[in-house]
Amino acid sequence: MAIEGFDYKGFAQNLAQQALELIPPDFNDAQKNYVANTLLNFSAVAGEALYNDTQFNFNLDQAVMITQIIAEWSFHKSVDLIRSGIPQQYWDPIMQKIAFTIFEIAKNAFHQELPQDQCLQLIEHHVKKTYLDCIAELKDKNLIDEGLMEQAASQSNIDAMAQQQAENIPAEESVQEVPQGEIPQPQQTGVSQTAQNPNASLPPTAKVLKLATLAMLFRKIQQEKVQTILDKFSAEDAQTVIKFMDMPDLAQKVDTNVALKCLQEIRTNLPAPNQNLTPNKLITKIKNVSQYFDKSQLEQKLKTERVNVRKFVFTALEGEYFEMPPKVANIIATHLEDSV
């Protein structure tokens with residue numbers, strides 16, 4: 001049965017119109033049109049499919065959300081493709097695979113009534129995986145070289161926009177100065193007050209805001225990894241983060257721009273990642289993961305992956321390095337680590 005009130009054509013047009021204001025100003029007219037038209041086409045097709053769907057019977061809110069997710073990722077990944085340097089004749093096939101992936105993952109996730117954060121995290125993972133797989137496939141077919149593959153793989157407009165938003169906050173704006181109403185002014189400030197009462201207003205201090213921001217981030221990370229990180233915190237700070245994680249309306253109490261600025265400050269203070277991706281280190285990463293799976297489980301986990309991915313993993317288990325770009329090999333190893 002059609003979804004009452006779902007004007008998917010008008011909605012797609014509205015999303016495309018909004019996107020025009022966000023397209024990078026350095027793009028020429030042809031590039032701007034590609035981004036806008038790609039977003040419009042995929043969101044309209046998805047909206048129509050949802051409107052006529054008789055299997056899942058989505059409601060209006062679900063149909064709007066799925067369509068908007070496809071529109072947003074169509075925007076970001078089309079920008080990434082334009083900046084990647086990959087020849088234009090390969091853009092559409094890549095975008096079609098990405099849009100199809102989003103549509104299928106989103107439909108099933110919403111049908112299973114997964115929490116929204118989990119849905120978005122799942123979709124993001126598969127979008128990035130599909131994008132990287134498509135680029136690697138072009139390289140495997142000798143349609144692009146290794147340098148271009150690595151350049152394309154490094155593009156992330158969604159991260160660039162988040163960083164730009166954070167950087168656009170005026171330098172003189174203190175992190176303590178949050179919009180009135182976003183974080184109600186407390187009767188007293190200090191970490192201990194909020195740790196004792198998770199429903200209390202958030203004290204707008206720089207440290208507490210960073211802990212609250214980390215709590216929002218930790219909600220999207222596997223619990224075991226969160227605990228490993230919290231073990232390195234002081235007992236008081238760890239307890240505060242846990243209390244924040246239990247607050248159902250935390251995201252409404254922390255202003256988005258302030259959270260982005262906190263994340264940027266945290267990221268700036270992190271040690272630089274190790275760029276020395278030697279074959280031995282990559283082999284060790286795979287071997288460390290293999291202790292959690294026997295060979296049959298690993299074969300099952302990798303059965304849908306490309307031949308070269310499987311070769312890389314099983315060759316590494318034998319102590320040898322199957323030749324592929326270190327950055328790509330590291331993505332594979334990291335993906336396996338995250339699945340543990």
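What's the whole-number percent of alpha carbon pairs in the stretch 279-338 lying beyond 14 angstrom? Value for the stretch 279-338 (Cα pairs over 14 Å): 46 percent.
For the stretch 8-167, the relative contact order is 23 percent, taking Cα pairs closer than 8 Å that sit 6 or more residues apart in sequence and dividing their mean separation by the residue count. The fewest-to-most ranking of Ile70, Ile331, Ile221 by surrounding Cβ atoms within 10 Å reads Ile221, Ile331, Ile70. Phi angles across the stretch 14-27 convert, under the Karplus curve 6.51 cos²θ - 1.76 cosθ + 1.60 with θ = phi - 60°, into 3J(HN,Hα) values of 5, 5, 5, 5, 5, 5, 4, 7, 9, 5, x, x, 7, 6 Hz, Gly and Pro given as x.
Would you calculate the volume per residue, in Å³, of the smallest convex hull containing every Cα atom of the stretch 8-167?
Details: hull volume 19.4 nm³, N = 160.
With only Cα atoms used, the stretch 8-167 gives 121 Å³ per residue.
Taking only the Cα atoms of the stretch 1-71, the radius of gyration and Dmax are 13.4, 44 Å. Just to confirm a number: summing +1 for Lys and Arg and -1 for Asp and Glu over residues other than Asn280 whose beta-carbon lies under 12 angstrom from that of Asn280, what do you get? Neighbourhood net charge equals +2.
The loop-placed GluC sites (Glu not before Pro) in the stretch 1-55, going by DSSP, that have at most 12 neighbouring Cβ atoms within 10 Å of their Cβ come out as Glu4, Glu21. For Phe322, the residues 5 or more places off, or on other chains, whose built amide H falls under 5 Å of its own are Ala316.
Computed from the coordinates by the stated procedures, all read-outs in this text should not be read as laboratory data. If you're wondering where the values come from, they're calculated on a predicted model, not measured in any experiment. Neighbour counts run over all protein chains shown; Cβ positions are idealised from the backbone, glycine included.
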